[in-house]
Amino acid sequence: MVQGCWMEGENAGGCRNDLEKFSRNPQYLLTLSEPDEPDPESEEVVAPRCSVLIGLMQEHRRSERNKELRMLAIAFFIYKTDMACERLSAEYFLCVPEEGSSGVFTNSREVLGRFELDPGTYVIIPSTFYPDRSRNFMLRVFALKQFTFRELPPYHQVVGADELQENDVLNNNNNTDIL
C-alpha cells in the first residue's frame with residue numbers, strides 16, 4: 001500500500017487524452033517475480049501467471065461535506081516495462097498499449113481490478129479524468145506470491161536541446177556586459 005496525491009500544476013496529469021500531461025501522473029513500479037501455483041484440477045495447460053488485485057481509493061472527508069467536495073472521476077492503468085528505474089514517457093504511451101486498467105473513469109471513492117499478469121515489471125498509473133485536480137489517494141496491491149512495489153521518481157520537465165541552446169545564447173549575451 002502506498003499513499004500519494006495528485007497536486008495541481010505538478011503531477012495531476014489527467015487522462016490519456018493528452019499524453020504529455022498523462023505522463024506527469026504519479027507512477028508506481030510493480031515487480032512480479034514468481035507466478036501462482038497452477039490449478040491441479042484444471043485440465044488446461046496454460047503458462048503460469050500472477051493473480052493481482054489492485055485498488056485505487058481517493059480521499060473523501062465526510063467532515064468537509066459542507067464544502068461540497070465531489071468525488072473525482074478516477075481510474076488506473078497498468079503498463080508492462082523493461083525499464084525498472086525510469087518513468088514512462090508520453091512517447092511510450094503512444095506506442096505501447098496498456099496491459100490492463102480499472103475500466104472507465106468513475107466518480108467512486110474506490111476503483112478495483114483483478115488481473116492475471118505474466119511475471120515481470122509493470123508500471124501502475126493512478127489518474128483523474130481532468131488534469132490539475134488535487135486530491136490524496138491510496139493505491140493498494142494484493143497478490144498470492146511475493147512482489148515489490150515502489151514509487152518512481154516524480155515528473156520533472158526535461159528541457160529540450162533547442163531550449164538549452166537558446167538559454168546558452170541568452171546567458172552568453174548577458175555575460176558579455178560583464179567583460
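The values are calculated or read from the model by the stated rules, or taken from the named source; none is laboratory data. Remember, predicted model here, so these are calculated numbers, not experimental data. In this analysis, Cβ positions are derived from the backbone assuming ideal geometry, glycine residues included, and neighbour counts consider all displayed protein chains.
Per-structure values
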quantity: Residue pairs meeting the criteria (Cβ under 6 Å; at least 6 apart or on separate chains; first surrounded by 17 or more Cβ atoms within 10 Å (Cβ to Cβ), in segment 111-139; second of a type in the set (K, R)); calculated: Y122/K80; P131/K21
quantity: Test: residue in segment 148-158 that is modelled with pLDDT under 90, of a type in the set (S, T, N, Q), under 29 Å from E8 (Cα atoms) and in a loop (DSSP other than H, G, I, E, B); calculated: yes
quantity: Hey, L144 of a type outside the set (S, T, N, Q), modelled with pLDDT under 95, surrounded by 10 or more Cβ atoms within 10 Å (Cβ to Cβ) and under 17 Å from L53 (Cβ atoms) or not; calculated: yes
quantity: Any hit, segment 42-63, residues being modelled with pLDDT of 95 or more and β-branched (V, I, T); calculated: yes
quantity: Considering residues of segment 124-136 that are touching a Phe, Trp or Tyr at 6+ places or on another chain (Cβ under 7 Å) and part of a strand (DSSP E or B) only, the residue nearest to P48 (Cα to Cα); calculated: I124
quantity: Strands (runs of 3 or more DSSP E) contained in segment 1-100 and holding at least 1 residues more than 17 Å from A143 (Cα to Cα); calculated: 2-6, 50-58, 74-81
quantity: Index of the failed condition, S102 passing every other in (1) at pLDDT below 95; (2) surrounded by 13 or more Cβ atoms within 10 Å (Cβ to Cβ); (3) under 18 Å from Q27 (Cβ atoms); calculated: (1)
quantity: Selection count where residues are among the polar types (S, T, N, Q) and either in contact (Cβ under 8 Å) with a residue 60 or more places away in the chain or not in a loop (DSSP other than H, G, I, E, B) (or both), scope segment 101-110; calculated: 2
